[in-house]
Number of protein chains: 2
Amino acid sequence: MRQSKFFTKTRKEVSADEVSRNAELLIRAGFVHKEMAGVYSYLPLGLRVLRKIENIIREEMDNVGGQEVLLSSFQPKENWEKTGRWESMDDLYKVVDSSGREVALGPTHEEIVVPILKNYVSSHKDFPSNPPLSIYQIQNKFRMELRAKSGMLRGREFLMKDMYSFHTSKKDFEEFYTKMQGVYKTIFSRVGIGHLTYMTFASGGTFSKYSHEFQTISSVGEDTIYVDEASNLALNKEVLNDEVLSQLNLKKEKLVEQKSIEVGNIFDLKTKYSKPFDLSFTDSEGEKHIVLMGCYGIGLSRLLGTVVEVLSDDKGIIWPESIAPYAIHLLLLGEDENVKKEAEKIYETLKKSGIEVLFDDRGGVTAGEKFADSDLFGIPLRVVVSVRSIKEGGVEIKKRNEEKGKVVSLDDLLKICSKNSTN
Amino acid sequence: MRQSKFFTKTRKEVSADEVSRNAELLIRAGFVHKEMAGVYSYLPLGLRVLRKIENIIREEMDNVGGQEVLLSSFQPKENWEKTGRWESMDDLYKVVDSSGREVALGPTHEEIVVPILKNYVSSHKDFPSNPPLSIYQIQNKFRMELRAKSGMLRGREFLMKDMYSFHTSKKDFEEFYTKMQGVYKTIFSRVGIGHLTYMTFASGGTFSKYSHEFQTISSVGEDTIYVDEASNLALNKEVLNDEVLSQLNLKKEKLVEQKSIEVGNIFDLKTKYSKPFDLSFTDSEGEKHIVLMGCYGIGLSRLLGTVVEVLSDDKGIIWPESIAPYAIHLLLLGEDENVKKEAEKIYETLKKSGIEVLFDDRGGVTAGEKFADSDLFGIPLRVVVSVRSIKEGGVEIKKRNEEKGKVVSLDDLLKICSKNSTN
């Protein structure tokens with residue numbers, strides 16, 4: 001893509017009401033646009049990152065046999081009354097049409113997915129095992145957050161992956177739940193924050209002992225967790241008590257208090273949502289049981305914001321290669337015609353090699369401005385074409401997270417790129 | 001994909017309140033689930049079709065230089081007040097939060113995209129030409145339809161592609177608008193309804209002479225159009241008068257009245273939405289002008305429903321190859337162990353060849369039921385493995401839109417598939 005064709009530009013400043021670091025950087029870089037507190041639109045660069053996160057998550061969900069759906073945002077009030085959440089959920093948006101009819105604007109989809117499945121299952125034979133039945137979507141959610149001040153970390157409208165699993169036995173559920181713990185670790189590693197993210201024991205609400213959160217260490221996090229480095233586990237503050245410590249065989253004095261962002265959670269739902277809808281099956285003896293459920297959430301918008309919070313420096317964002325909007329930021333410096341021709345040639349060569357490249361081909365922009373924009377964008381590899389680089393035998397390459405660049409030939413650049421893309 | 005793992009099943013009947021043919025077939029086949037009138041969830045098979053339609057449209061938008069974004073559903077009331085549509089648009093959903101603050105739930109995005117662009121453009125130099133600046137998204141829309149009775153054809157919640165183009169001259173706009181007419185024809189051809197779809201002159205509202213609709217002939221359509229076969233054009237009833245006929249050089253007696261479904265429309269917006277936000281530019285002489293705009297919509301949910309309406313028979317859906325959920329429906333008949341092994345082998349071979357195949361590997365289901373399900377699903381090529389087909393030298397293949405099948409070898413099947421996929 002040619003930067004000269006982009007409709008977005010970088011900005012020096014954002015409006016004073018934007019106090020979060022992640023949104024500030026994303027807005028300045030032209031990745032997102034703020035519509036109101038907690039509501040952001042994705043502009044082309046931001047959407048590219050979002051799609052890459054989405055594809056990583058989709059791959060991992062498909063790997064465990066997840067069946068992808070796309071459920072509606074509008075949800076019948078009756079369903080929410082059945083589970084009691086029409087009244088009990090404070091952050092539920094209720095939409096009224098001109099005939100006075102009310103519907104829920106979905107913050108989550110238990111009330112939709114359970115009635116759907118009820119159409120299709122009645123016997124234990126309807127439940128595949130290995131892998132068990134799981135249904136997921138990557139879809140827009142709405143939650144009434146009156147004080148949304150954390151940029152992409154807490155939205156009134158946000159993109160989420162929600163998966164629901166269905167089981168005919170506790171054993172089947174537990175095996176899948178354990179597998180999903182590993183899948184979640186893989187996802188957070190793949191998007192580049194695995195080293196900062198801990199599986200964290202948290203409250204299981206009124207019906208389960210624990211739920212598990214995935215918490216990423218960050219000074220701006222709203223959660224407080226206690227990390228045990230040796231076991232790579234953590235406890236949410238809400239479950240930090242002697243009973244839990246002894247159950248998990250953790251020593252209080254070894255725990256380190258940290259602020260953190262909850263980037264995912266998984267939950268043993270037991271029969272909490274299957275029971276109100278009588279989602280049940282008959283076993284091989286003809287006896288009826290209520291289906292057991294688990295749910296598994298990841299907020300994609302929040303995950304994107306978290307990566308920006310924890311992987312950035314004074315100059316801008318530092319995207320991991322796996323979710324960077326482009327692999328290479330190619331910068332043409334100066335107005336020399338030969339250099340322009342060379343840069344065009346390199347751009348075409350990279351594109352033909354299937355490498356995702358953003359080409360800063362803008363005229364009338366200083367080298368300093370181009371470097372500053374490039375640092376703000378945070379594309380992993382910067383490739384500069386200038387009179388000097390050509391004189392020295394090629395292009396100057398510099399990784400976003402390194403201080404110094406070096407000059408390499410175009411052939412070497414292609415080798416480096418193909419090596420990166422097969423990693 | 002193995003059909004035995006699917007959580008959906010086909011159904012013989014749908015609830016009596018579903019009166020539309022498209023929704024009836026899609027629900028019976030397990031492609032969608034109805035949440036309420038005008039609101040449908042996409043189940044795995046339906047989502048596969050939707051994604052294919054989405055990808056065709058995305059390719060065509062990218063081809064004309066469209067820059068993809070993902071704009072928010074929640075939209076500031078202030079923006080809608082600026083254009084006057086907060087009051088004037090009857091089908092706008094307004095959402096109130098517990099603090100009393102109102103927001104719009106987006107039925108369209110002029111009120112969002114114009115203020116975004118205003119951040120980035122001020123001079124004629126900010127507008128690329130050839131291709132001109134255009135921004136699009138494929139995103140969920142909400143519209144208050146109190147009487148939604150046409151299945152996927154008229155939704156309260158629906159997926160839409162909306163593109164907006166921006167121009168510094170009438171000539172630039174007109175060239176792009178004409179190009180988009182061709183792009184739309186290409187899209188409707190690619191999804192398989194080109195032969196039934198006419199570019200139709202329609203009212204341009206209060207500020208433009210005409211808009212152009214793309215209307216697909218169907219007896220269930222809500223629109224009435226007058227088709228001129230010779231020129232491949234049509235007129236919407238609303239503009240059928242002597243003045244228009246003479247302008248377009250059409251003869252009334254040659255026009256054929258048809259019922260039709262509006263599957264897309266393109267619109268000359270002039271300065272209707274740029275003016276309220278003062279989206280302007282200075283020309284090379286430093287003089288200020290308001291930006292000219294066009295908009296270009298396609299409802300994806302409606303398009304999917306239209307394909308089902310016009311391409312189906314008594315037995316079920318007949319998907320065009322380009323948007324079919326799978327290319328091949330492989331049916332294993334009977335419980336013979338050798339046949340099972342052979343079918344498994346064929347399934348693996350097809351998958352390895354990169355062919356999208358749905359494998360009906362279910363046990364305990366009669367051949368008649370499998371054939372009926374296959375006809376309902378509408379996958380373009382049915383491939384049957386049975387004792388008989390193996391005895392006769394391979395598999396029995398039959399296209400969904402043909403009456404009779406024939407037996408071919410596995411090698412020949414692979415040749416047919418690879419030929420289809422390169423078409």
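Quick rundown of the values:
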| read-out | value |
| --- | --- |
| With Cα atoms, 0 to 90° folded angle of helix B:44-63 axis to chain B main axis | 50 |
| For residue B:322, label point 7 Å along C-beta direction: distances to other copies, nm | 3.6 |
| Residue A:401/residue B:367 FRET efficiency (R0 51 Å; Cβ-Cβ; nearest 0.05) | 0.25 |
| Shielding by partners - mean other protein chain Cβ count within 10 Å, residues of B:39-49 | 5 |
| Pairwise label distance in nanometres, residue B:186 with residue B:206, each label 7 Å out on the Cα-Cβ vector | 3.7 |
| Choice from A:97, A:360, A:373 showing the highest fluctuation, given a GNM over chain A with Cα pairs closer than 10 Å | A:97 |
| For residue A:248, label point 7 Å along C-beta direction: distances to other copies, nm | 7.0 |
| Listed pairs A:118/B:315; A:272/B:12; A:345/B:171; A:179/A:275; B:340/B:370; A:171/B:5 exceeding 22 Å between Cα atoms | A:118/B:315; A:272/B:12; A:345/B:171; A:179/A:275 |
| Ranked B:6, B:377, criterion: other C-beta atoms within 10 Å, fewest first | B:6, B:377 |
| 0 to 90° range, to nearest 10: angle between helix B:337-352 axis and chain B longest Cα axis | 30 |
| Relative contact order for chain B, counting Cα pairs under 8 Å that sit 6 or more residues apart, in percent | 16 |
| Cα-based convex hull, segment A:326-422, per residue volume (Å³, whole number) | 88 |
| Degrees separating the helix A:300-310 axis from the principal Cα axis of chain A, which is the longest one | 50 |
| Coordinate range along principal axes, alpha carbons of the protein assembly as shown, Å, largest first | 92, 82, 60 |
| Against the rule of thumb 2.2 N^0.38 Å, how large the Cα Rg of segment A:3-313 comes out | 1.05 |
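Read the figures in this text as sums done on the coordinates, not as results from a lab. Model, not experiment: these values are computed from the prediction. FYI the Cβ positions are ideal-geometry reconstructions off the backbone, even for glycines, and counts take in every protein chain you see.
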